[in-house]
Amino acid sequence: MPSKSSYLKRQASIWLLYAIGFLPAIWGFYLGATDQMGTDPVKSFEHYLGFWAIRFLILALAITPLREVFGLNLIKYRRALGVLTFWYVLFHFLVYLTLDQALRLPEIIADITKRPFIIFGMIALVLLIPLALTSFNWAIRKLRKNWKRLHRLVYVITILGLVHMVMGTKVLSVEQIIYTAALVLLLGYRVFSWSRKRMAT
Amino acid sequence: MPSYRPPRIPSSEITPKKFWLNRRQIIGAGAAGLVATGAQAAPLESVKSGYTLDDKPTPFKDVTNFNNFYEFGVQKTDPAKNSGDFNPRPWTIEIDGLVQTPKTVDFDELLASETIEERVYRMRCVEAWSMVIPWNGFPLSALLSKVEPLGSAKYVAFETVVRPEEMPGQRGFFQPLDWPYVEGLRLDEAMHPLTLMAVGVYGETLPNQNGAPIRLVVPWKYGFKGIKSVVKITLTEKQPPSTWNLRAPSEYGFYANVNPEVDHPRWSQASERIIGGSGGFFGGANRKDTLMFNGYADEVASLYDGMDLKKNF
């Protein structure tokens, strides 16, 4: 049985991850508010938050393959990475609503109902909400097997988020191509391991 | 004609003094090394024109550090960073096609022969952001009159220079567009007095990242129509191809007139973010309604009488 001090150490490292995880948002907000984010600070901050959401998503999805392929067990950090993904997607959306669209409702409603890339992003955010709400120990215990089923939504969210990013840009940057490749690889790994399991049974 | 509105603000207000005084320094900092070419930042003799605006001009540093010029990279900050090797001199523009006297015009001779006007224009990008830019240039019609277009000429085609050795975006593995960048206008649009060949910005010769030494500015159309670093102009009978239309015909039309009622398939064109000089997130109003023909409807709407602007977007 793990000792109390090792439990505390483990908790501390998770809280540290949260603290570090929110630093980019705070730093980006500070830069934008003090006019240090270039000519179009609003769009820059909006994209910056979206990119951080993608980065945390990649890290969260990398935990399982890291363990299964490389024997590196970082499972204790997975929840924090998932929750950080949710917060960054939410920040990204809030910046779009306020700083970018200045709460112009008719245009926002038109965007959300008519424009495929925004629709995909919106669905991804909506699907993230139940995952964030069930990220507590209590919910995990309560939902049992269903928790795992519910949280498989992350694969749908990943595809939606990826399509949102790719469709939202005129021409993909090198960074976007790398993220796309990483996410396709991480999703492909699941498809590969499921099909292998299925063949085994 | 109501199009010639007298200037309502003194020139000292058109150019914020701190940027005016610092302009060489800013160019030096923003595009280190460029000054060595000698073609950079030479002051231009300009006359004031009636084409001006009450809107607050976008600071020089934003006009010259936030550019879509894929020949130098796809990020907005790339052109300022990556255009240091570009040498816009000597420069010639070949004008041919359906004209009486085809010509190859030397840029320096052209500069000496034309009266350079300062015009403050709104610039509306198809990506739904906008700037206000004090250009220096002369009407395209003055250039076209030198070659005497034939009666059969209906369109004007433009071409940007191809120099992979000087333009990093044109070489290497990742090429976002087919080169050369091409654009076109209907002849009546090209002859319109608002249509400008810009050779400078903020009273100095164009920095490389803004399309040195000479570029097109069509203020009632989306910015991508304003083809940069022009080397060839051809008068044609048929509608010429245009780069973004070739790449995504459903998103970018040949006309590309600013129109708040015709949305881009991926975003609304009803309003625009005013960028540059905003002082960060909370520096002031940063979104406004987009105006029909970018506010130039009185001058240009008649060009499109009876035309379905939703179809011909």
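Would you mention how many residues in the range B:231-245 are within 14 Å of chain A (Cβ to nearest Cβ) and in contact (Cβ under 8 Å) with a residue 12 or more places away in the chain? The qualifying residues number 2. Candidates B:131, B:123: the one that is within 14 Å of chain A (Cβ to nearest Cβ) and closer than 21 Å to residue B:184 by Cβ is B:123. Determine whether residue A:179 is assigned to a helix (DSSP H, G or I), in contact with a Leu (Cβ under 7 Å, 6 or more places away or on another chain) and closer than 20 Å to residue A:64 by Cβ. In short, no. Taking the range B:259-275 as the range and being in a strand (DSSP E or B), more than 7 Å from chain A (Cβ to nearest Cβ) and hydrophobic (A, V, I, L, M, F, W, C) as the test, only B:274 passes.
Restricted to the range A:69-146, the set of helices (runs of 4 or more DSSP H) holding at least 1 residues that are out of contact with any strand residue (DSSP E or B) (no Cβ under 9 Å at 6 or more places or on another chain), surrounded by 13 or more Cβ atoms within 10 Å (Cβ to Cβ) and within 14 Å of another protein chain (Cβ to nearest Cβ) comprises A:78-95, A:105-114, A:116-133. Of all residues in the range A:36-68, those that are over 17 Å from residue A:164 (Cβ atoms), assigned to a helix (DSSP H, G or I) and of a type in the set (Asp, Glu) total 1. Just one of the listed residues (B:202, B:181) is closer than 21 Å to residue B:256 by Cβ, touching a strand residue (DSSP E or B) at 6+ places or on another chain (Cβ under 8 Å) and among the aromatic types (Phe, Trp, Tyr), namely B:181. Check whether at least one residue in the range B:136-153 is in contact (Cβ under 8 Å) with a residue 40 or more places away in the chain, farther than 15 Å from residue B:191 by Cβ and of a type in the set (D, E, K, R), and report yes or no. No - not one qualifying residue is present in the range B:136-153. In the set (1) free of Cβ contacts under 8 Å to residues at least 60 places away in the same chain; (2) within 16 Å of the chain's Cα centre (by Cα), the condition left unmet by residue A:147 is number (2). Filtering B:256, B:297 for residues that are crowded, with 21+ Cβ neighbours inside 10 Å and either of a type outside the set (Ser, Thr, Tyr) or modelled with pLDDT of 90 or more (or both) leaves a single hit, B:256. For the range B:244-251, state whether one or more residues are buried (at least 18 other Cβ atoms within 10 Å of the Cβ) and among the hydroxyl-bearing types (Ser, Thr, Tyr). No - not one qualifying residue is present in the range B:244-251. For the range A:174-201, the tally of residues that are within 14 Å of chain B (Cβ to nearest Cβ), loosely packed, with under 15 Cβ neighbours inside 10 Å and not hydrophobic (A, V, I, L, M, F, W, C) stands at 1. Taken over the range B:226-237, the criterion of being within 24 Å of residue B:293 (Cα to Cα) and either modelled with pLDDT under 95 or of a type in the set (D, E, K, R) (or both) is satisfied by B:228 alone.
The values are calculated or read from the model by the stated rules, or taken from the named source; none is laboratory data. Keep in mind the model is a prediction, meaning the values are calculated, not measured. In this analysis, Cβ positions are derived from the backbone assuming ideal geometry, glycine residues included, and neighbour counts consider all displayed protein chains.
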